[in-house]
Amino acid sequence: MALLDRLPRHLFTRRGWGMLAAGAFTLAAAQVMGRRDLLTLAVLLLVLPLVSLAGTRLVKPRFRVYREFNPAPVETSAPTTVSLAVARTGPASGPVTMEERLPVRFGETPAFRFPSRSAAGGTSRYEYQLRSSQRGQFRIGPVTAEFTDPFGLSLHRQAIDDGDVLTVTPAAVVLPMTGLAGARGNDGVTATRIRANPSDDDVMTREYRHGDPMRRVHWAATARHGALMVRQEESVTTPEATIILDHRYGAFSGGAGSAVPGLAGPDGHALASSKAFEWAVVAAMSISAHLAERNYGLRLLDAGGEPAFLHSPSAPDPAAEEFTGTAGLQSVAESLAAIQLTGAHHVRRDGVLADIARRNGGRRGAQEVRGHGHPDPGPAPFDDHLMDKLSAHRMRGPLIAVLGRVSAEEALALAPAAAYGTNAFALVAAEKPEEFQDVLEVLRQGGWRAAAVTPQVSVAAAWSQFDQDPALPAAPAADVRRGAGMPT
């Protein structure tokens, strides 16, 4: 029996291996004893398992699998229920043992028998729960079925579907109230009003109508049109916030031990990330939720002025950069699920795979990996392209930058951008924030409220520093996870 347990199980059952062994023994006995009847029996014992093996591989029962996740997508550390419905579409056969393949992070794979005891209408239904402590996209499935022949001699395991992708979004942290946009107030609501001295960009004109006050006459437009024209100011009732999410490889890639194993994309490859970048992703999610709940429209850009999620494989619309309402916040969450560091190809560091983004198309183009695993930094960030994007929406709301390691030269390039927002906030995520005091000073001189933090400091504690003068606390504070306020 112990010998049978050591034989491969993907070909024959114990009965099949036993029959083959008996056939081999009978064949040897027939050879020694010269008995033709033993030879016939040996051939039967040897051929029958082989015929059964061929039959299980040629005649494949057909099934249809339906899989649903509830909720989908799901936040990190929150459970999602996987509902499976399996129906047979081919000729009926006996009971089948099935198993749902799962990534290693989800633990033991669930196994079940088909048909189930509660099968109705030929469809068997099963449920189990999954939970992930890290964001990403994970392929759940396929369902594999183990088939056997009517004699129970051979086995054949095959996948009966392709599986489905489960998207795990970063969970938002509840942020304290802070002065977001100066005159707009803390609640993000702008009163509908006509400005006393609108700028030329705010002014629209129309023909004079009886009863219009003469103080609203726009004399320059009157001269151009040869008819009396009056100002028609269009007040902004929905404030906008712009978030710059830095995801450059050079800004977040650290030394040994900085990689975050376990993050996965839809193709099963690991995502390029680091502890500091994971902190930045949670910060971007939390800030987006904080602003969306206060009726802000959101614009998310990267350090070069491109849409922040242009290279995110989980983004519903990679080219989108403006998001509004609950649907917009949900889109931001999904886009952040599989976002990764960009700017290099696949790099290995100390045996830990940093699966660097391959999607480096667009304006910047693909960068070459040079030297000993160090990527070419590519074009300088915070250039005119970003400034043009910010200028097009200037003074419509706060400007928030979530950054990695920034040099003094890069800080000088970013500093003038503060003039495009009603307030400007910058968070620098780095392992050694004390090394970035000169960077913070450059940003502050440009009008930014800036702070450098380690990934150990909670996002809420970092955010609260924008209304305080003291330095950030050294000890990390406990994050408060968002409950029903963040859609899943």
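A few points about this structure:
- Looking across region 114-144 at every residue that is part of a strand (DSSP E or B) and in contact with a helix residue (DSSP H, G or I) (Cβ under 9 Å, 6 or more places away or on another chain), the one that is nearest to Ala172 (Cα to Cα) is identified as Gly136.
- Scoring Leu175 on the criteria (1) surrounded by fewer than 20 Cβ atoms within 10 Å (Cβ to Cβ); (2) in a loop (DSSP other than H, G, I, E, B); (3) not small (Gly, Ala, Ser) leaves a single failure, condition (1).
- In region 100-115, the residues that are touching a Phe, Trp or Tyr at 6+ places or on another chain (Cβ under 8 Å) and either surrounded by fewer than 16 Cβ atoms within 10 Å (Cβ to Cβ) or of a type in the set (Asp, Glu) (or both): Glu100
- Any hit, region 205-212, residues being modelled with pLDDT of 85 or more and in a loop (DSSP other than H, G, I, E, B): no
- Annotation: of all residues in region 435-486 being over 24 Å from Pro170 (Cβ atoms) and of a type in the set (A, V, I, L, M), the one that is modelled with the lowest pLDDT is Ala474.
The values are calculated or read from the model by the stated rules, or taken from the named source; none is laboratory data. In this text, all values refer to a predicted model and were calculated from it rather than measured experimentally. Note that each Cβ is placed from the backbone with ideal geometry, even for glycine, and that neighbours are counted across all protein chains shown.
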